[in-house]
Amino acid sequence: MPKPLSLPFDPIARADELWQQRWGNVPSMAAITSIMRAQQILLAEVDAVVKPYGLTFARYEALVLLTFSKAGELPMSKIGERLMVHPTSVTNTVERLDGNTVVFTDGRSEPVDTIVWATGYRVHIPFLDPRWVGEDPERLPLYQRVFHLEDPSLGFVGLMQSTGAALPVVEAQAKLAAACFSGGYALPSPEEQRRTVDRTLRAATARWGDRRPHMRIDFDQYLADIPREIAAGRARLRRGARPFTVPAREGSPA
């Protein structure tokens with residue numbers, strides 16, 4: 001089981017509070033959020049258990065179901081019915097494509113008309129020169145997943161992969177960026193930023209392997225860390241650290 005998080009707040013209660021402020025009292029939303037969060041935690045734990053065997057929980061479910069069948073095979077429609085999901089959601093046991101035939105990892109094959117290739121997304125930032133984002137933006141090191149290590153005037157909001165919802169993380173990142181760019185927060189030294197990024201990357205790699213470790217964040221931990229980081233930046237200001245100032249650019253007025 002994962003280590004309990006030292007959060008200064010209950011994330012479900014916080015979400016319920018924000019919902020009430022914007023849309024009124026809807027107790028069912030807190031219940032739904034709690035159930036979905038519990039499902040995410042359980043699924044992540046099961047995935048971690050079967051990962052050493054080259055499996056995900058979805059693959060494990062499909063393979064176990066096939067072992068329960070008398071012939072060791074089942075139609076895709078029957079697999080979807082038994083797992084209580086749409087048949088298209090259990091095709092991640094595909095081994096290869098052979099013309100218009102799909103060959104599955106258990107040796108079965110079926111003719112198909114259409115394949116929906118829903119494997120995620122690729123990070124692409126075409127409006128920035130590669131000198132700023134490198135050859136692979138997914139591997140771009142950012143302090144707190146916001147600030148560029150070479151140029152603190154360049155910040156990113158939303159360039160992360162969270163274990164929870166994206167919008168609360170984006171809001172927290174926007175608050176951090178606003179605190180910095182308004183002069184109310186001071187970044188740590190470049191050396192400390194680099195050490196923090198390296199330490200975070202090691203932890204993410206240990207947890208998620210090579211699946212975008214640079215971008216990965218733990219939803220609950222991150223939302224707890226950002227307010228503390230903003231407070232730490234204010235403390236650095238009080239100790240004499242320099243706040244953000246717009247750097248002089250070539251061709252800009254003096």
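Taking the stretch 135-150 as the range and being at pLDDT 90 or above and either assigned to a loop (DSSP other than H, G, I, E, B) or not assigned by TED's automatic domain parsing to the domain that holds residue 187 (or both) as the test, the residues that pass are 136, 140, 141, 144, 145, 146, 149, 150.
Among the residues making up the stretch 81-115, those that are modelled with pLDDT under 70, touching a helix residue (DSSP H, G or I) at 6+ places or on another chain (Cβ under 8 Å) and not in a helix (DSSP H, G or I) are 86, 106.
The values are calculated or read from the model by the stated rules, or taken from the named source; none is laboratory data. Note that this is a predicted model, so its numbers are computed, not measured. FYI the Cβ positions are ideal-geometry reconstructions off the backbone, even for glycines, and counts take in every protein chain you see.
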